[in-house]
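Beneath this line is the structure, given in C-alpha cells, with notes to follow.
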Amino acid sequence: MIALLRAGVAVAVALSAAVTACAQDYPARPIRIVTSEIGAGGDFAARLVAQRLTATFGQPAVVDNRSGGVIAGEFVARAAPDGYTLLVYGNTLWLLPLMRSQVPYDTLRDFAPVTLATRSSIVLVVHPSLPVRSVGELVKLARARPGQLNYGSAAAGTTSHMGAELFKSVAKLDIVRVSFRGATSALNALLSGQVQLQFMSGATAMSTIESGRVRALAVASPEPSPVFPGVPTMAAAGLPGVEVSGLMGVFAPARTPPAIIALLSQEITRGLQRPETKNRLTAIGAEAAGGGPDGLAATMREEINRLENVIRGSGIRDD
C-alpha cells in the first residue's frame, strides 16, 4: 500500500512538473482568438485581449472573426487544448443550448473558462414618441394596450432578447417581439418608431440616449451603472428579478493545462485593469470584469439556472 501511495505521489509530481514546464515555454507561436463578427461586442473585447497578450508574450495574438456563436464555439471546442486557440464570446454561447435541440458543444464540458473579460449594462429604452418616462408608466401603458406594443431584438438568446422576455415574465405583460438579423437593424427599427421599446447594450445606448433619439428608463443590472448615472435599476423601478448584463468571457478548449489557463487569466485581468483600458471600455458603455476561471464558471452556471425557466416558459427556440 505504501509503495502504491509513493507511486501515486511520484506520478502527480511528474505531471505537475510537466504542466509547469509547458507553461514556462508558452507561448512559442502565435495565439488565435476566435470571436464574433467584426464590429460586434465580442470583437472589441477580443482585440483588447489580443493587444494585451501580444505585448506581454511577444508573440502575435490574432483575432479570428466568425459569424455565429455555434460556428465559433464548435471551432474552439474541437481545437487542440494547448492554449493557442482561445474564444471570446458572450452570453449566447452558454444560453444557446437551452434554445436549440442540437448544439455541437457542451458549454460546461467542452470549454475551460479563463476569465470574465467585460460586463456591459443593458438599458431599457423607449422611442421618444411613447408617452412614458418611467418603468411604472411603461408597465401601465402596456397593460392598457395588450399586444399593441412591440419590442425589437437581435437573435434569440441575445441580451436584448433575454432582457425583454424577463421584463414580460416578471411584469406579466403582453408585448410582441420583432426579430432582426442583428443589433444594427433592431436599433434602426427603434429609431424609426417601427418598434417602441428595446433592451439595448450600453455601447449602443450611450450615443442614442445622449442625442435624445431614445429615452432611458432603467438599467437591467443588480447595481446602478456608473456608465449611466441617474438611471435607476429595474429593481429600484419596481421590478426586481429583471437582471441581464452583456458579458464577454474568455475560454480555452477543455483539458488545456491549468498552468496555462492561470497564466492567461492573470495577464488578461492585469491588462483589463489598466487605466487606459478601463477608459476605452467606459467610452463604449462597458466595464472591465476579471475574476478568474472559477468566477466565470460560477457566473455562467448562475445565469443558466436563472434564465432556464424563462426560456422554457416562454417557448423561446432558435432551431
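Bear in mind that the values in this text are calculations on the coordinates, not laboratory data. From a predicted model like this one, the values you see are computed outputs, not experimental measurements. In this analysis, Cβ positions are derived from the backbone assuming ideal geometry, glycine residues included, and neighbour counts consider all displayed protein chains.
Under 5 Å between amide hydrogens, which residues at least 5 positions from THR115 or on another chain qualify, with H placed 1.01 Å from N in the peptide plane?
Residues meeting the criterion, in which the H sits 1.01 Å from N, are VAL250.
For THR299, THR159, THR184, what ranking results if the residue with the fewest other Cβ atoms within 10 Å of its Cβ goes first?
By the 10 Å Cβ count, ascending, the order reads THR184, THR299, THR159.
About the Cα centre, and with charges only on the beta carbon of Lys, Arg (+1) and Asp, Glu (-1), how big is the dipole of the range 162-319? Nearest 20 debye, please.
220
How would PHE57, PHE44, PHE199 line up from fewest to most surrounding beta-carbon atoms within 10 angstrom?
By the 10 Å Cβ count, ascending: PHE57, PHE44, PHE199.
For the chain, modelled as a Gaussian network with Cα springs under 10 Å, which listed residue fluctuates most, VAL178, VAL114, VAL76?
Taking springs between Cα atoms under 10 Å, the residue moving most is VAL178.
Determine the shape class of the range 35-162: with a ≥ b ≥ c the square roots of the Cα gyration tensor eigenvalues, call it rounded for a/c under 1.5, and otherwise prolate if a/b is greater than b/c, oblate otherwise.
Prolate shape, in that a/c is at least 1.5 and a/b is the bigger ratio.
Tell me, Kirkwood radius of the range 124-245 from alpha-carbon pair distances, in Å?
Mean inverse Cα-Cα distance, inverted, gives 14.0 Å.
Given a cut-off of under 8 Å on Cα pairs at least six residues apart, what relative contact order in percent is computed for the chain?
Contact order relative to length: 26 percent.
Using +1 on the beta carbon of Lys and Arg, -1 on that of Asp and Glu, and nothing else charged, what's the dipole of the range 122-219 about the Cα centre, debye to 20?
The calculation lands at about 200 debye.
Among TYR105, PRO293, TYR151, pick out the residue whose Cα is farthest towards the positive end of the charge dipole of the chain, where Lys and Arg carry +1 and Asp and Glu carry -1 on C-beta, about the Cα centre.
Going by the Cα projections, it comes out as TYR151.
Averaging sequence separations of C-alpha pairs under 8 Å and six or more residues apart, then dividing by the length of the range 122-219, give the relative contact order as a whole percent.
Over the range 122-219, the number comes to 47 percent.
Apply the Karplus parameterisation 6.51 cos²θ - 1.76 cosθ + 1.60, with θ equal to phi minus 60°, to every residue of the range 172-186 and state each ³J(HN,Hα) to the nearest whole Hz, in sequence, with x for glycine and proline.
Each residue of the range 172-186 in turn: 6, 10, 10, 10, 9, 7, 10, 8, 10, 6, x, 5, 5, 5, 5 Hz.
If the only charges are +1 at each Lys and Arg Cβ and -1 at each Asp and Glu Cβ, what is the size of the charge dipole of the chain around the Cα centre, to the nearest 20 debye?
Charge dipole, the chain, about its Cα centre: 400 debye, nearest 20.
Leaving out same-chain residues fewer than 8 places away, which lysines sit with a Cα under 18 Å from that of LYS140?
Reachable lysines: LYS168, LYS172.
Once phi is turned into θ = phi - 60°, what whole-Hz ³J(HN,Hα) does the Karplus curve with 6.51, -1.76 and 1.60 give for every residue of the range 219-224, x standing for Gly and Pro?
Using θ = phi - 60°, the values come out as 9, 9, 10, x, 10, x Hz.
If you plug each phi of the range 156-164 into the Karplus form 6.51 cos²θ - 1.76 cosθ + 1.60 with θ = phi - 60°, what whole-Hz ³J(HN,Hα) values come out, in order, with x for Gly and Pro?
Going residue by residue, I get 4, x, 6, 5, 5, 6, 5, x, 5 Hz, with x marking Gly and Pro.
Rounded if a/c is under 1.5, else prolate if a/b beats b/c, else oblate: with a ≥ b ≥ c from the C-alpha gyration tensor eigenvalues square-rooted, which is the range 91-130?
Oblate, since a/c reaches 1.5 and b/c is not below a/b.
Straight-line reach from LYS278: which lysines have a Cα under 21 Å away, not including same-chain ones fewer than 8 places off?
none
In which sequence would HIS161, HIS127 go, from the one with the fewest C-beta neighbours within 10 Å to the one with the most?
By the 10 Å Cβ count, ascending, the order reads HIS127, HIS161.
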